[in-house]
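Visitor: Take a look at this one; I'll ask things after.
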Amino acid sequence: MGTPLPLIIALLITVNGIISFVGFNNPQFFDRFKFDIAFKGPENYYRYFTAAFLHVSWIHLFFNMFTLYLFGYPVLRVLGVGGFLILYFFSLLGGNFFASYYHRKSNRYAAVGASGAISGILFSTILLYPELELYLFFIPIPIPGYLFAAVYVAYSLYGMKMQNDNIGHTAHLGGALCGIILSIIFKPDLLIEASKTLIYLFLTTIAVVFWLFRKKN
């Protein structure tokens, strides 16, 4: 933990903080740059990008940036600055595009936050470090990374299906998927090294999708 915070991660945290702060205090600015599915057409495509730098509250901002602080450097150390930035921004866009597709029949879906990018970074870390154990605030024992990833995917799929909260589950899942795919592209050996995690994710996804979507709405 004695390693200084890399400049690129510090810069991302700073930019997220500044833009979110402006959005907190300027509703017109917030509405102009948030992702809102009601605004369709190429002239609004910039929202897929800009929405990821806005947050709804200080708590929302803190948890996303704290996760980036914790898991950004492990990814940066393995993939380098270029790989890290590609993974971050593709996960950011992938999460929002997936959310846009999933909610395409709704005119009421809107979202902000860096969660897609953060999910991509988190899942990349879990793949790159197969023996990783995570500690959660409310659970005092370590959780294996592969188990955490499986539960995360299951909860995201459940949230997508139920749509009974204000959490951007689709962006989370889309960003996580981009993080997994890009990590494997950058490091094909992960297909072997992180095979346990990938198998858990695959089986969890199949089981949860079957359980959720076989139920009547």
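Visitor: Place +1 on the Cβ of every Lys and Arg and -1 on the Cβ of every Asp and Glu in segment 88-217, take the dipole about the Cα centre, and give the residue among MET162, TYR146, TYR135 whose Cα lies farthest towards its positive end.
Guide: Of the options given, the answer is MET162.
Visitor: While we're looking at this one, here's another question. Within the chain, which complete DSSP H helices have Cα atoms spanning at least 20 Å along the helix axis and a mean Kyte-Doolittle hydropathy of 0.0 or higher? Write out the running numbers ahead of the final one.
Guide: On the way: long enough: 7-25 (27 Å, 2.13); 58-102 (33 Å, 1.25); 145-162 (25 Å, 0.96); 169-186 (25 Å, 1.62); 195-213 (27 Å, 1.78).
Long hydrophobic helices here: 7-25, 58-102, 145-162, 169-186, 195-213.
Visitor: Here is a further query. Tell me, what is the 1.4 Å probe accessible area of GLU193, in Å² to the nearest 10?
Guide: For GLU193, the solvent-accessible surface is approximately 100 Å².
Visitor: Could I ask something else about it? Shape call for the chain from the C-alpha gyration tensor, a ≥ b ≥ c root eigenvalues: rounded (a/c under 1.5), prolate (a/b greater than b/c) or oblate?
Guide: Values: a/c = 1.66, a/b = 1.14, b/c = 1.46.
Note, shape of the chain comes out oblate.
Visitor: Within a Cβ distance under 14 Å of ASN107, other residues only, what is the Lys/Arg minus Asp/Glu net charge? Mind dumping the intermediate values first?
Guide: Values: positive: LYS40, ARG104, LYS105, ARG108; negative: ASP36.
Result for the local shell: +3.
Visitor: Quick check on segment 140-217: take the gyration tensor over C-alpha atoms, sort the square-rooted eigenvalues as a ≥ b ≥ c, and tell me if it's rounded (a/c under 1.5), prolate or oblate. Let's see the in-between values first.
Guide: Numbers: a/c = 1.78, a/b = 1.71, b/c = 1.04.
Taking the square roots of the gyration eigenvalues as a ≥ b ≥ c, segment 140-217 is prolate.
Visitor: For LYS187, LYS105, what's the largest-to-smallest order of accessible area, 1.4 Å probe?
Guide: Reading off the accessible areas and sorting them downward yields LYS105, LYS187.
Visitor: Using alpha-carbon positions, what is the distance between the centroids of segment 24-69 and segment 83-132, in Å?
Guide: Taking the Cα centre of segment 83-132 as reference, the centre of segment 24-69 is 13 Å away.
Visitor: Also, I was wondering about something else. Near LYS196, which aspartates and glutamates are there with a Cα under 12 Å away, not counting those fewer than 8 places off in the same chain?
Guide: GLU131
Visitor: Report the relative contact order of the chain, percent, no decimals, based on alpha-carbon pairs under 8 angstrom and at least 6 residues apart.
Guide: On the way: 306 pairs, mean separation 47.4, N = 217.
The normalised contact order for the chain reaches 22 percent.
Visitor: Once ligands and nucleic acids are excluded and a 1.4 Å probe is used, how much of TRP58 is accessible, expressed in Å² to the nearest 10?
Guide: For TRP58, solvent-accessible area is about 150 Å².
The values are calculated or read from the model by the stated rules, or taken from the named source; none is laboratory data. All of these numbers come straight from a predicted model, not from anything done at the bench. Every residue, glycine among them, receives a Cβ derived from its backbone with ideal geometry; neighbour counts consider all protein chains shown. Just so you know, the surface numbers come from the protein's heavy atoms only, side chains and all, with ligands and any DNA or RNA stripped out. Shrake-Rupley method; radii C 1.70, N 1.55, O 1.52, S 1.80 Å.
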